[in-house]
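Q: I have a structure here, written as structure tokens, and I will follow up with some questions on it.
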Amino acid sequence: MLLEPPRGMDDLLPDEYALKQHIVDIIRQVYSEYGYLEVETPTIEYYELFEVKSGEEIRERMFDFYDKAGRRCVIRPEVTASIARLVSTKLKAASPPIRLGYIADCYRYDEPQWGRRRRFWQGGFEIFGSSNPLSDAEILQVSHQVFKKIGLEEQYFKVGHVGILRSILESYRVDEKMQDRILTYIDRKKIGEAYNIMDSLNVGDEAIKSIREIIESPLITWKRDSVDREALKKIKDVLSPWDNAIKSFENLLEIVELAITSGVDSPIHVMPGMARGLEYYTGFIFEQLLPDVDVSLNGGGRYDKLVELFGGKPTPAVGCAIGITRIMQYMMEKKNIKITPKRPKIFLAYLHGVDKKYVAKVLNILRSRNIPLEVDILERKITSALEYAVKNNFKYLLIIGKSEEESSEISIRDLDKKTQIRYKIDDVDKIKKILEEVN
């Protein structure tokens, strides 16, 4: 008999769940502030939805199975494809721009380690219908706001643009499938394999040399008005033989400038040779990171062809998926941050011999007036009930003994002031006024 959950899938205890919900509440607050409407998609989707453009890394790690009708299904490994499916079908008549958000658990057969679990939670921001660089900058904005509201001020970004590398490869007639494979190798830091493929496809020596140069170029850190303009110019010089690559780089720089102007004050590292594992990216890409960890805690980018791929009309799109589970782990292990689960501050205890019907009546009266409280169901002695209430940080202990029952009263003990007063249960407005001060 197996008494533990499957490897890499974790139970959440009350304090862990409270931390997760704290992060979710902040994400939803940012949804509200920026106009994102939350949606939900199924945990199980058809295999084909993710097979097409999710990328080799995800395809290798999907939990897939055949249903009873013989159709191949997956437990979702990410959510962007599902959201794009939604836009291409049920929201195809919606007026752009469409801003959607989601909170979802995802599943990948990763090797469990720091920042990688087989079940993990994400909070997404997706914008459909706009190719304006302001929309790309907004994704950086909302990402920055979420981390800032959580208290992760040490955040920083890495940004790139897949159009830079794709434009160079396209000039040598490298098809999209092979582009995806090359970018996947670059993302996995298997740079040698990427160069070997380019060489086998007759990509020119000048192009490979230029690609190598931009991949290996030092980070260009941009913060507010501080950036090495000479380094940016050097990248442009390297890209000068390819007009579309320069346009992609200029688009990236415009997005960064807009993000900084809109209030993103964290360091942004410009990486023109950056790639990400998902194959559906068509333009701007980014990762959001924190010190002392090697994995990103948020990432995303532009995917202008995905909705059309699923049968919808051509629809530019950009978004991100914030790693809720990774942020939780960072906060707990690196920052020692805990969130106390919220519970009532009022504890009601009754003495042995009290009619339980009177207890139920009192509970009904108080709760019907929206007074949150916990009731002792172990029939402790009053000393034990008092000890429990103090240990668990209750503010008030409500006591029902035989004398309170006979006179239709309750006793209210203030555990901080160590005072105790009896009230008629019919005087519930006065009781509510006293008790609501703590909840």
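Every number here is computed from the coordinates shown, using simple stated rules; none is lab data. The structure displayed is predicted, hence computed values, not measured ones. Neighbour counts run over all protein chains shown; Cβ positions are idealised from the backbone, glycine included.
Q: Could you sort out which of 90/189; 357/395; 338/395 sit more than 30 Å apart by Cα distance in this structure? Provide the component values of the computation, followed by the final result.
A: On the way: 90/189 39 Å; 357/395 25 Å; 338/395 21 Å.
Pairs exceeding the cut-off: 90/189.
Q: For a quick check of your reading of the filter: which GluC sites (Glu not before Pro) in the range 1-72 sit in a DSSP loop and have no more than 13 other Cβ atoms within 10 Å?
A: Working: sites: 16, 33, 38, 40, 45, 48, 51, 56, 57, 60; in loops: 40, 60.
When the GluC sites (Glu not before Pro) of the range 1-72 are filtered for loop state and at most 13 Cβ neighbours within 10 Å, 40, 60 remain.
Q: So, one more: Compute the length gained on full extension between residue 188 and residue 261: take 0.36 nm times their separation in residues and subtract their Cα-Cα distance, giving the result in nm to one decimal.
A: Full-extension gain reported as 23.1 nm.
Q: Follow-up question, since we're still on this one. With +1 assigned to the C-beta of every Lys and Arg and -1 to the C-beta of every Asp and Glu, and no other charges, what is the dipole magnitude of the range 346-438 about the Cα centre in debye, to the nearest 20? Could you put the intermediate results ahead of the total?
A: Numbers: 18 positive and 16 negative charges, 17 e Å.
So the magnitude is around 80 debye.
Q: To continue, here is another question. Quick one: putting +1 on the C-beta of Lys and Arg, -1 on the C-beta of Asp and Glu, what dipole do you get for the chain around its Cα centre, in Debye to the nearest 20? Before the final figure, lay out the partial values.
A: Values: 67 positive and 69 negative charges, 278 e Å.
Once rounded to the nearest 20, the dipole reads 1340 debye.
Q: Quick check: from the Cα gyration tensor, does the range 104-201 come out rounded (a/c under 1.5), prolate or oblate?
A: oblate
Q: What net charge is computed for the residues neighbouring residue 167, neighbours being all others with C-beta under 15 Å from the C-beta of residue 167, Lys and Arg scored +1, Asp and Glu -1? Intermediate values should be presented prior to the final figure.
A: Working: positive: 166, 173, 236, 247, 302; negative: 170, 175, 176, 180, 206, 243, 250, 304.
With Lys, Arg at +1 and Asp, Glu at -1, the net is -3.
Q: Taking the Cα centre of the chain as the origin and placing charges on Cβ (Lys, Arg +1; Asp, Glu -1), which of 121, 320, 284 is farthest toward the positive end of the dipole?
A: The residue sitting most towards the positive pole is 121.
Q: The range 1-154: Rg/Rh from Cα coordinates, Kirkwood Rh?
A: Values: Rg = 17.1 Å, Rh = 17.4 Å.
Answer for the range 1-154: 0.99.
Q: Another one. If Lys and Arg each add +1 and Asp and Glu each add -1, what is the summed charge of the other residues whose beta carbon sits under 11 Å from the beta carbon of residue 296?
A: Values: positive: 158, 276, 326; negative: 287, 294.
With Lys, Arg at +1 and Asp, Glu at -1, the net is +1.
Q: Find out how many positive minus negative residues lie around residue 9, taking Lys and Arg as positive, Asp and Glu as negative, among other residues whose Cβ is under 9 Å from that of residue 9. Each step should come with its number before you reach the end.
A: Values: positive: 7, 117, 118, 119; negative: 10, 11.
It works out to a net charge of +2.
Q: Rounded if a/c is under 1.5, else prolate if a/b beats b/c, else oblate: with a ≥ b ≥ c from the C-alpha gyration tensor eigenvalues square-rooted, which is the range 346-438?
A: Rounded, because the longest to shortest axis ratio a/c is under 1.5.
Q: Also: So for the chain, averaging the separation of alpha carbon pairs under 8 Å that are six or more residues apart and normalising by length, what relative contact order in percent results?
A: Numbers: 735 pairs, mean separation 76.2, N = 439.
Computed value for the chain: 17 percent relative contact order.
Q: Looking only at the range 14-334, where both bridge partners belong to it, what percent of the DSSP beta bridges are antiparallel (to the nearest 5)? Please list the in-between numbers first.
A: Numbers: 44 of 49 bridges.
Antiparallel bridges make up about 90 percent of those DSSP assigns within the range 14-334.
Q: Positive end of the dipole of the chain, charges at C-beta (+1 Lys, Arg; -1 Asp, Glu), about the Cα centre: which of 271, 378, 107 has its Cα farthest in that direction?
A: 378
Q: Can you work out D for the range 14-334 in µm² s⁻¹ from Stokes-Einstein, where Rh is the Kirkwood radius over C-alpha pairs, the temperature is 4 °C and the viscosity is 1.567 mPa s?
A: On the way: Rh = 20.2 Å.
Answer from the Stokes-Einstein relation: 64 µm²/s.
Q: Could I ask something else about it? Suppose the chain between residue 177 and residue 119 were pulled fully straight at 0.36 nm per residue; how much longer would it get relative to their current alpha carbon spacing?
A: 18.0 nm
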